[in-house]
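What follows is a single structure, written as structure tokens, with notes after it.
The values are calculated or read from the model by the stated rules, or taken from the named source; none is laboratory data. Just so you know, these numbers come straight off a predicted model, no measurement behind them. Glycine also receives a Cβ, built like all others from the backbone with ideal geometry; neighbour counts cover every protein chain displayed. With ligands, DNA and RNA removed, areas are computed over all heavy atoms of the protein, side chains included. Shrake-Rupley method; radii C 1.70, N 1.55, O 1.52, S 1.80 Å.
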Amino acid sequence: MKLYLIYGGKSAEHEVSIKSAYSILQKIYYDHYTVIPVYITREGQWYKAGNVNSKDDIPEVKEMNQIAKKQPFNFIEMMEGESVAFPVLHGPNGEDGTVQGLFEVFDIPYVGAGVLASAVGMDKIISKSVFKEAGLPILPYNEVKLTDWKVDPDKVKDDLIQYLGFPMFVKPANLGSSVGITRVLEETKLKEAIELAFEYDTRIVVEKGVKAREIEVAVLGNEDIHTSVPGELIKHKPFYDYEDKYLNQEVIRQVPSDISDELTKKLRELAARAFHAIDGTGVSRVDFFLTEDGEVYVNEVNTFPGFTNNSMYPRVWAKTGLPYEDLIEEVIQLGIRRHKDRL
Ligand code: ADP
Ligand code: MG
Ligand code: MG
């Protein structure tokens, strides 16, 4: 079977995607697949590298995009013979249902969440309303549309201050990896934060800020799902940006997190419910806030979490008893099975 490993992409998370793809390349069972790495440039062009038939064929990480750029990739190729697409893409244009829609239209089996779950998971406003409807605990939030902001910014600010108070978190609705997000402590900084978020999206979400531990649970499966032991992002400051999180590796990931069995059970149940609420299939990482007084809130569901060696998703699975190689094989098989089950 041909496995198209698609990585890079137009989103701000291009770099993380390359790292995830490179880690995955090392873990694939090459007796099952011929791997064709497909690189999407920051401008959105698709290129392919030569086939990888064994671990010996894997290029150096810094060559991953250079090699791929030599040969334009014709999408039609994926419709010939037995193929499966593995989009290792984070953020808009990859994790948000758009690329998944392309595979659906061309009837190509693909790994990871489907169109609906991807789109809902990526949109912080829609996902919150879905969580609320499902009775899941979430923080108070307001949606702000660019049109409303343009008409009366003072009213928007007053409403936010009255309803949420400080600190607030201002976020673009559709993005990830902390891009465009600001923690706002006072009124004088609010305008700037809102305008920054509007650079990335026409809808933004503003949330009540909490002082909380960040616990993450991995979910794996289609109808029949499994949850992992929780892992924790140990922070030394209230908010980590993109560079801290992914490039400087400043965050410590503690696996499993040091919480009670009772709380572990509760978080695993909430993670499964959040996954079902967005119609998840394949993989997702459900992120929680745990406040000092023991309150738990669902922050977000990431339908394609980081897959680097150091990432939480593969690490919590390893601790739960599923080594990285087996995890990758399971994730691929789940994509193939979902496609078969639907026929
Ligand atoms: P992304 O999809 O970019 O990861 P998040 O909603 O997870 O967006 O926000 C990024 C980070 O910002 C979180 O991991 C957390 O550290 C911090 N954060 C976000 N919202 C809040 C909040 N309401 N209270 C406290 N911290 C928050
Ligand atoms: Mg996210
Ligand atoms: Mg997050």
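Couple of notes before you dig in:
- Residues that are within 16 Å of ligand 3 (Cβ to nearest atom) and either farther than 22 Å from Glu186 by Cβ or at pLDDT below 95 (or both) within the range 137-161 comprise just one, Ile138.
- Cβ pairs under 6 Å, 6+ apart, first in the range 104-122 and touching a residue at least 40 places away in the same chain (Cβ under 8 Å) and away from ligand 2 (no atom under 15 Å from the Cβ), second in a loop (DSSP other than H, G, I, E, B) and hydroxyl-bearing (Ser, Thr, Tyr): Gly114/Thr281
- Selection from the range 313-337 of residues that are open to solvent by 20 Å² or more (accessible area, probe 1.4 Å) and either within 14 Å of ligand 2 (Cβ to nearest atom) or in a helix (DSSP H, G or I) (or both): Arg315, Ala318, Lys319, Thr320, Tyr324, Glu325, Asp326, Glu329, Glu330, Gln333, Arg337
- Hits in the range 115-126 (condition: open to solvent by less than 10 Å² (accessible area, probe 1.4 Å) and either more than 16 Å from ligand 3 (Cβ to nearest atom) or in a loop (DSSP other than H, G, I, E, B) (or both)): Ala117
- For the range 284-312, a tally of residues being near ligand 3 (Cβ under 10 Å from one of its atoms), open to solvent by 30 Å² or more (accessible area, probe 1.4 Å) and in contact with a Ser or Thr (Cβ under 6 Å, 6 or more places away or on another chain) returns 0.
- Count of residues meeting criterion [over 15 Å from Tyr141 (Cα atoms), open to solvent by 30 Å² or more (accessible area, probe 1.4 Å) and within 16 Å of ligand 3 (Cβ to nearest atom)] in the range 175-200: 1
- The range 269-283, subset in a helix (DSSP H, G or I) and either touching a Phe, Trp or Tyr at 6+ places or on another chain (Cβ under 8 Å) or open to solvent by less than 50 Å² (accessible area, probe 1.4 Å) (or both), residue nearest to ligand 2 (Cβ to nearest atom): Ala274
- Residue that is at pLDDT below 95 and more than 26 Å from Gln100 (Cβ to Cβ), where the choices are Leu233, Leu263: Leu233
- Subset of the range 296-312 [β-branched (Val, Ile, Thr), part of a loop (DSSP other than H, G, I, E, B) and within 12 Å of ligand 2 (Cβ to nearest atom)]: Thr303
- The residue pairs whose first member lies in the range 40-51 and is among the aliphatic types (A, V, I, L, M), whose second member is open to solvent by 60 Å² or more (accessible area, probe 1.4 Å) and at pLDDT below 95, and whose beta carbons are closer than 9 Å, counting only pairs six or more residues apart or on different chains, are Ile40/Lys10; Ile40/Asn93; Ala49/Glu63; Ala49/Lys69; Ala49/Lys70; Ala49/Gln71.
- Taking the listed residues Ile28, Ile18, Ile6, the one that is buried (at least 21 other Cβ atoms within 10 Å of the Cβ), within 23 Å of Thr98 (Cα to Cα) and of a type outside the set (Phe, Trp, Tyr) is Ile6, with no other qualifying.
- Among the residues of this structure, Leu164 does not count as one that is modelled with pLDDT of 95 or more, away from ligand 1 (no atom under 12 Å from the Cβ), open to solvent by less than 20 Å² (accessible area, probe 1.4 Å) and of a type outside the set (Ser, Thr, Tyr).
- Scan the range 256-314 for residues that are among the hydroxyl-bearing types (Ser, Thr, Tyr) and within 12 Å of ligand 1 (Cβ to nearest atom) and the total you get is 3.
- Among the residues listed as Asp258, Asp293, the single one being farther than 27 Å from Leu89 by Cβ, at pLDDT below 95 and part of a loop (DSSP other than H, G, I, E, B): Asp293
- Within the range 70-114, the set of residues being surrounded by fewer than 18 Cβ atoms within 10 Å (Cβ to Cβ), modelled with pLDDT of 90 or more and over 18 Å from Thr34 (Cα atoms) comprises Pro72, Thr98, Gly101, Leu102, Glu104, Val105, Phe106, Asp107.
- Selection count, the range 52-66, where residues are in contact with a Phe, Trp or Tyr (Cβ under 8 Å, 6 or more places away or on another chain), without any contact (Cβ under 8 Å) to a residue 40 or more places away in the chain and either open to solvent by 90 Å² or more (accessible area, probe 1.4 Å) or assigned to a helix (DSSP H, G or I) (or both): 1
- Residue within the range 153-161 that is within 28 Å of Glu292 (Cα to Cα) and touching a Lys or Arg at 6+ places or on another chain (Cβ under 6 Å) present: no
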